[in-house]
Amino acid sequence: MPDSDSKPGRRRAKGRRRKPRPGRGKALRVVAWSAAGVAVLGGTGLGYVYFHLNGNLKSVDINQALGTDRPENVDNGSQDILVLGSDSRAGSNKKAGGGTDDGSARSDTAMVVHLYKGHKKASIVSIPRDTLVERPSCTDKNGTEHPAQSDAMFNSAYSTGGAACAVKTVEAMSGIRMDHYIEVDFSGFQDLIDDLGGVEVTTSKAIDDPDSHLKLDAGTHRLDGRQALGLVRTRHGVGDGSDLGRIQLQQAFMKALMDQIKHVGVFTSPKKLYDLADTATKSVTTDSELASVKALTSFAGGLKGIGSADMNMVTLPVQYDAADANRVLIDETKSDQVWKALKADRAVPRSAGRGTATGAAGGVVR
């Protein structure tokens with residue numbers, strides 16, 4: 001059963017975590033720099049390949065959907081990208097993610113990727129799906145207007161009004177205009193990892209989670225797509241069973257993924273390059289400004305120099321909700337430090353994360 005989207009009345013962020021309610025894990029649909037595989041195709045002269053890959057891409061016109069009701073577009077050389085994933089069970093996602101295709105989808109992984117001026121470093125802010133937020137009014141794809149809602153679960157914004165509503169909600173939370181939007185799904189994530197030849201990680205503890213179908217001993221493993229999907233969906237296998245612990249695993253895996261992309265050898269193997277580019281373009285939905293191989297090539301080309309050591313992984317500062325063990329509340333003071341730093345293109349201060357809720361899964365994956 002899906003979680004309730006809202007609770008009446010705002011509550012203060014305080015209290016200890018109570019035993020979480022069992023719930024199905026969701027996949028990490030973070031594409032981040034998976035588009036790097038198309039970075040050299042634009043200049044190959046392979047017209048068929050170019051148009052085939054263009055035809056793979058899906059897009060949504062965020063600018064048209066939101067109009068002028070957005071934060072100011074600050075031109076300081078930085079970029080902010082909302083990276084989301086839906087938990088749709090449609091098509092091949094049903095097999096990859098399990099569960100039933102009920103026609104709905106939510107954004108159960110969300111990251112704001114801030115690329116600093118010069119695109120040599122990045123800060124990535126994960127937004128817990130269980131965060132209670134003030135969702136602004138949104139219009140869905142059928143033109144139905146949904147009024148603003150207090151204490152809405154963050155991941156309900158996507159199910160209410162799609163990508164545009166998710167972007168609008170993040171912009172309302174942060175005061176930062178999103179320059180781009182990227183989304184990837186269950187099967188796309190799994191296929192990307194397989195095309196990359198797997199990703200090597202080291203686990204400091206054994207993981208056994210029947211919900212995500214993952215069982216790993218402590219040690220070093222090269223995860224294939226199915227195992228990687230299981231790892232980033234794991235919620236009850238390690239830590240305190242919360243979404244915050246899953247975010248810690250996702251962040252560690254993302255760093256390993258970035259290092260793997262740099263060493264996969266796609267530029268010396270035309271077939272590997274094509275397979276990765278084909279999978280990446282089939283897997284992603286972007287904003288309309290990125291919805292061509294040329295635009296995606298330019299965007300990806302500007303990210304190739306960023307490795308795991310250049311990424312600062314942050315979780316939006318939250319506190320466990322004493323009134324509901326399955327929700328977290330934004331720590332307004334500390335989250336304000338995060339958003340102000342990114343808006344000014346500065347590093348996120350370490351103090352922003354002190355004394356906030358964590359998922360007790362840090363260091364499990366290296």
| Under the condition of being of a type outside the set (Val, Ile, Thr) and within 15 Å of ILE81 (Cα to Cα), which residue from region 276-297 is surrounded by the most Cβ atoms within 10 Å (Cβ to Cβ)? | LEU296
| Sole exception among (1) in contact with a Leu (Cβ under 8 Å, 6 or more places away or on another chain); (2) under 30 Å from GLY237 (Cβ atoms) for GLY363, by number | (1)
| Hits in region 286-332 (condition: touching a strand residue (DSSP E or B) at 6+ places or on another chain (Cβ under 8 Å) and part of a helix (DSSP H, G or I)) | SER288, GLU289, LEU290, LEU296, PHE299, ASP310
| What pairs come up if the first residue lies in region 354-366 and is in contact (Cβ under 8 Å) with a residue 40 or more places away in the chain and surrounded by 19 or more Cβ atoms within 10 Å (Cβ to Cβ), the second is in a loop (DSSP other than H, G, I, E, B) and among the hydrophobic types (A, V, I, L, M, F, W, C), and their beta carbons are under 7 Å apart, counting only those six or more places apart or on different chains? | ALA361/VAL238; VAL364/VAL238
| query | Here are LEU273, LEU257: which of them is among the hydrophobic types (A, V, I, L, M, F, W, C) and more than 18 Å from the chain's Cα centre (by Cα)? | reply | LEU273
| query | Among all residue pairs at least 6 apart or on different chains, which show Cβ distances below 6 Å where the first residue, located in region 264-280, is part of a helix (DSSP H, G or I) and the second is among the acidic types (Asp, Glu) and modelled with pLDDT of 85 or more? | reply | ASP275/ASP195; LEU276/ASP195; THR279/ASP191; THR279/ASP195
| Mind checking which residues of region 65-79 are farther than 14 Å from HIS180 by Cβ, touching a residue at least 60 places away in the same chain (Cβ under 8 Å) and not aliphatic (A, V, I, L, M)? | ASP69, PRO71, GLU72, ASN76, GLY77
| query | Just checking, how many residues over region 137-195 are open to solvent by less than 40 Å² (accessible area, probe 1.4 Å), at positive phi and outside any helix (DSSP H, G or I)? | reply | 2
| query | Condition test on MET258, is it surrounded by 18 or more Cβ atoms within 10 Å (Cβ to Cβ) and either assigned to a loop (DSSP other than H, G, I, E, B) or at pLDDT below 90 (or both)? | reply | yes
| Could you give every pair whose Cβ atoms fall below 9 Å, whose first residue belongs to region 219-245 and is open to solvent by 40 Å² or more (accessible area, probe 1.4 Å) and in a helix (DSSP H, G or I), and whose second residue is at pLDDT 85 or above and of a type in the set (Asp, Glu), counting only separations of at least 6 or pairs across chains? | ARG226/ASP194
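The values are calculated or read from the model by the stated rules, or taken from the named source; none is laboratory data. Owing to the predicted nature of the structure, the values given are computational and were not obtained by experimental measurement. Cβ sites come from the backbone with ideal geometry, for glycine too, and all protein chains shown count toward neighbours. Note: accessible area is taken over every heavy atom of the protein model, side chains too, but ligands, DNA and RNA are not part of it. Shrake-Rupley method; radii C 1.70, N 1.55, O 1.52, S 1.80 Å.
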